[in-house]
Structures are given as C-alpha cells and as structure tokens.
Amino acid sequence: MLAVYTWINAERALVLIPAYRSKSPWYVLMESAAYKYDDPKYLASQCKVACDVLGIEPSRANWVRVATILNEGLPDLYRMPSEPVWNKPQAAREFGELIVKQDGKEVAREALTLPEDKGAEYA
C-alpha cells in the first residue's frame with residue numbers, strides 16, 4: 001500500500017493506493033476531516049471503509065496496517081505546506097530570439113514564442 005501526500009482542490013490530502021493492483025479505487029483522507037481520526041472509534045470504523053474501498057480483506061492485521069498508516073500520517077499531513085501557486089502560461093511565451101546576420105551585420109530580429117496551447121503545463 002502506498003501513502004501519497006498531495007493536494008485535492010487546494011486542500012491537503014493523504015491518499016492510500018494499493019501498490020500492486022492497477023486501476024483500483026483510492027482511499028482519500030482530506031485535511032478538513034483529519035481531526036476525526038484522532039478518535040479511536042472513528043479510526044476503527046474508517047479502517048473498515050478503507051479496506052472495502054481498497055479491495056483489501058478486512059482482517060484484523062489489515063485493519064491495524066491501515067490504522068497505523070492513517071494515524072502516523074496525520075502529523076505529516078498537518079505539517080505539509082499549502083498548495084503552491086501554479087504558474088499559468090501567458091498568451092504566448094517568449095523563449096528566445098532569432099537574429100539573422102549577413103556579413104556580420106544584423107539584417108532581421110524576431111522573438112521566438114511558444115503558443116499558449118503548446119508545451120508543458122503543470123496545473
């Protein structure tokens with residue numbers, strides 16, 4: 001099982017993902033609900049839900065494993081930084097300049113731009 005710390009809709013989240021089962025559902029613990037997991041009864045009830053969602057047999061050993069990951073992950077979730085501000089591309093990004101010279105003299109100059117819909121976007 002993998003524990004991934006990420007942001008969902010600008011909120012911190014702890015996501016549990018089965019390590020060896022592709023295309024299986026994930027269990028997500030959002031920061032806004034994390035305070036509930038300090039209650040042992042609530043944590044136990046959510047371990048059953050997590051096992052059902054992840055497709056894990058709801059045995060005592062698996063419940064303890066999920067509970068340990070969730071409980072020990074709470075401090076890291078709280079300490080995690082807020083979602084960074086992502087840079088959105090400009091209408092046309094300038095990434096260089098093209099200079100044409102003839103006999104050492106500049107004949108033409110043009111800015112090289114990348115259209116908005118081209119290139120990598122991280123958002």
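The conditions of being at pLDDT 85 or above, closer than 23 Å to residue 15 by Cα, hydrophobic (A, V, I, L, M, F, W, C) and in a loop (DSSP other than H, G, I, E, B) are not met by residue 69. Taking region 1-24 as the range and being of a type in the set (Ser, Thr, Tyr) and part of a strand (DSSP E or B) as the test, the residues that pass are 5, 6. Scanning region 72-88 for residues that are open to solvent by 50 Å² or more (accessible area, probe 1.4 Å) and either in contact (Cβ under 8 Å) with a residue 12 or more places away in the chain or farther than 20 Å from residue 8 by Cβ (or both) turns up 72, 76, 78, 82, 83, 86, 87, 88. For region 18-60, taking the residues that are of a type in the set (Val, Ile, Thr) and without any contact (Cβ under 8 Å) to a residue 24 or more places away in the chain, the one that is surrounded by the most Cβ atoms within 10 Å (Cβ to Cβ) is identified as 28. The residues in region 28-58 that are part of a loop (DSSP other than H, G, I, E, B) and of a type outside the set (D, E, K, R) can be counted, and the count is 3. Does residue 74 meet the test of being touching an Asp or Glu at 6+ places or on another chain (Cβ under 8 Å) and either among the aliphatic types (A, V, I, L, M) or under 30 Å from residue 114 (Cα atoms) (or both)? Answer is yes for this residue. Going by the conditions given, is residue 45 within 29 Å of residue 20 (Cβ to Cβ), more than 24 Å from the chain's Cα centre (by Cα), at pLDDT 90 or above and polar (S, T, N, Q)? Against the criterion (within 29 Å of residue 20 (Cβ to Cβ), more than 24 Å from the chain's Cα centre (by Cα), at pLDDT 90 or above and polar (S, T, N, Q)), residue 45 qualifies.
The values are calculated or read from the model by the stated rules, or taken from the named source; none is laboratory data. Computed from a predicted model, the values in this text were never measured in an experiment. Positions of Cβ are generated from backbone atoms using ideal geometry, with glycine treated the same way; all protein chains shown enter the neighbour counts. For accessibility, only protein heavy atoms count, side chains too; no ligands or nucleic acids. Shrake-Rupley method; radii C 1.70, N 1.55, O 1.52, S 1.80 Å.
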